[in-house]
Every structure is written in structure tokens, then in C-alpha cells.
1. Go ahead and set up a Gaussian network model of the chain, Cα springs under 10 Å, then flag whichever of L179, L74, L205 fluctuates most.
2. Quick one: among L264, L216, L304, which has the greatest mean-square fluctuation in a GNM of the chain with alpha-carbon springs under 10 angstrom?
3. Tell me which of G55, L258, H215 sits at the most positive position along the dipole axis of the chain, charges placed on C-beta atoms (Lys, Arg +1; Asp, Glu -1).
4. Give me the percent relative contact order of the chain, please, defined on Cα pairs under 8 angstrom at least 6 residues apart.
5. Which trypsin sites (Lys or Arg not before Pro) does segment 102-147 hold that lie in a coil by DSSP with at most 11 other beta carbons within 10 Å?
6. To the nearest 20 debye, what charge dipole does segment 176-231 have about its Cα centre, counting +1 at the Cβ of each Lys and Arg and -1 at the Cβ of each Asp and Glu?
7. What is the magnitude of the charge dipole of segment 256-315 about its Cα centre, with +1 placed on the Cβ of each Lys and Arg, -1 on the Cβ of each Asp and Glu, and no other charges, expressed in debye to the nearest 20?
8. Express the relative contact order of segment 13-102 as a whole percentage, based on alpha carbon pairs under 8 Å and six or more residues apart in sequence.
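Bear in mind these aren't lab numbers, they're just calculated from the coordinates by the rules spelled out. Since the model is a prediction, treat every value here as computed from it, not as a measurement. All Cβ positions, even for glycine, are placed from backbone atoms using ideal geometry, and neighbour counts span all protein chains on display.
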Amino acid sequence: MASGSVTGTAAATQVAAFYRFSTMDAEALPALRDDLHHRAEANGVRGTILLAAEGVNGTISGPEAGVQRVLQRLRQIRGLEPLEAKLSWADRQAFARLKVRIKREIVTMGCPTVRPAEAVGTYVPPAQWDALISDPETLVIDTRNSYEVAVGSFKGSIDPGTESFRAFPQWVEQQLRPLVQQRRPKAIALFCTGGIRCEKATAYLLQQGFAGVHHLQGGILRYLEEIPEEHSSWQGECFVFDQRVTVNHRLEPGSHSLCYACGLPLAPEELEHPAYREGVSCHHCIARFNDSDRARFAERQRQLDSQHVSTGVADTTAPR
């Protein structure tokens with residue numbers, strides 16, 4: 001059974017976030033892509049599934065039976081038999097479209113010599129995570145993007161301030177290596193939303209000669225699922241790459257909205273900012289776009305309002 005299995009209502013939409021690093025047959029990927037697309041479409045499932053020689057990464061949503069059929073097909077592939085999914089529920093379809101794509105990497109770091117299927121850091125289950133990160137001799141690192149960190153994180157963790165996972169190797173060389181040399185930590189503990197970025201990051205750190213590298217097994221989503229809120233060291237909400245935008249500690253849709261101009265999350269009070277116009281601008285991006293851009297965004301928003309459909313970055317599976 002997939003981890004994170006919960007019971008939903010008959011009208012609920014199941015959301016499954018999953019990944020696994022495994023050496024895949026590159027020549028077989030086109031046929032697998034077509035099969036998965038047909039299976040998902042036939043079962044009312046939307047979202048994005050990324051396939052690469054290093055494994056699979058995806059977030060999909062739809063009727064529970066349909067989501068499970070897609071996961072069952074993936075688990076029939078050699079090396080993906082142990083594939084686990086973090087399951088949650090939404091009151092509507094979380095994605096506007098279905099995309100199954102073949103990529104160079106299932107999460108883009110831009111370091112082709114890093115092979116997580118061969119060596120990664122030590123997995124730390126959620127039940128043991130707080131003990132590890134509360135140790136003053138542990139260096140705790142949030143491997144997510146800065147806008148995700150701003151929504152919520154573990155107390156005392158380091159925010160690399162990166163805008164994409166591609167920037168992580170540069171941050172390691174410029175910031176982390178000198179910090180490790182200065183502090184000499186017993187352990188380095190990495191985490192991310194669903195586990196994929198921190199797992200690949202540990203593979204990179206091992207390749208670069210770092211020791212004592214650990215990562216949160218199943219990521220923040222599994223931690224929130226397994227650790228009672230009253231005993232949790234998590235603070236805030238967790239950004240997710242679908243139309244829920246964020247989830248709270250109970251994995252219910254959170255309080256944040258999305259600016260569909262720049263794709264950044266907005267807290268309720270930020271919707272009151274003078275720069276905010278739904279689908280057009282917010283205080284994060286008001287200076288990034290010109291009047292022509294905003295006119296296009298406004299027209300897109302008018303079309304969406306008339307169709308009662310939300311689209312935008314929620315159509316794109318990003319790293320978790």
C-alpha cells in the first residue's frame with residue numbers, strides 16, 4: 001500500500017505526489033510515456049509525470065481508483081516496484097491538464113554525473129527527524145526555493161536563498177563548504193517538500209566529499225502526515241505545486257493564494273497590497289513586467305473568469 005493512504009469522501013479528489021530514483025531503460029521511455037498518458041486520460045487523472053533515465057517524478061490528481069491505476073502501472077516497471085506516493089485530498093481537481101514528458105532529469109540540478117540511484121545520504125524517518133535537527137551539532141538545510149521557505153520551514157534551518165534547484169551546487173561551493181569547515185558539524189540534515197530534491201542534494205554532497213549527510217525520508221509531506229501537530233517542529237504552511245498552493249499540518253488546503261503572473265504564493269494579507277490585481281500582478285512582480293505584459297495577463301484572467309477555470313503554474317509539476 002502506498003504511504004500516506006487516507007480515506008476521502010465520494011466527491012473528493014485524490015492527489016498523489018511521488019518519485020523514485022532508479023536506472024531506467026531510455027529506449028523504453030517513449031512507449032511508457034504513451035501508455036501512462038492513455039491510462040491517466042482514460043481514468044480522469046490530470047497532473048504531470050516526468051520520466052528520465054534516472055527515474056520518475058510526478059504529481060497527479062483525480063478519482064481515487066484512477067490515481068491508483070496509474071501508480072499500479074508504474075510499480076510494474078523494474079526498479080519502481082517500491083514506488084511510494086504521498087496521498088492527500090482536495091475538494092476539486094488539482095490540475096487543469098495532463099502532461100507526461102521525457103526529460104534529462106526528473107528534478108533539474110544540471111549535474112549529469114550525480115546518480116542518486118547509486119548513492120544517497122542516510123534516510124531519516126519522520127519519527128527520528130526532530131531528534132536529529134534539535135542537536136546543536138547538526139546543520140539543517142532547506143533545499144527548496146526561497147519563496148517556498150518563506151511560507152513555512154523547520155525552526156533553525158538554513159535557507160540557501162536559491163530561486164531554483166540548479167543554483168544549489170553553486171551555493172554549496174560558495175557558502176556551505178566554508179560553513180562546514182568552520183562549524184565542523186556531526187551531521188548535515190537536508191529536507192524538501194516530498195524528498196526528491198533533498199535526496200538528490202545528498203547524492204551531490206557525497207560526490208563532493210561531504211560526510212554525515214542525512215535527509216528527511218518522504219520529505220515535509222510525510223512528516224506532516226506522521227507527526228502530530230502538537231509535537232511538531234514544523235512552522236507555517238507547506239507550498240505545493242498544484243492549485244491548493246499550500247497545505248497546513250493536516251494536509252488540508254492552506255491559506256495562501258497564487259499570483260498567476262509570477263507564480264509566487266501570497267498570504268491573505270498580501271492580497272490587500274495596492275500592487276495586487278488577480279491574475280495580473282502582485283508586490284513581488286509589479287516591477288518585473290511592463291504594461292503590455294499586464295494587459296496580456298488581464299485578458300487571460302478575463303477568459304479564465306468566463307470559463308470558471310484556474311490555470312497557470314499549477315499545470316506544471318515542479319520539484320518537490
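1. It is L179.
2. Checking each option, the largest mean-square fluctuation is seen for L304.
3. G55
4. Computed over the chain, the figure is 17 percent.
5. R104
6. 520
7. Dipole size: approximately 200 debye.
8. Reported as a whole number, the value is 46 percent.
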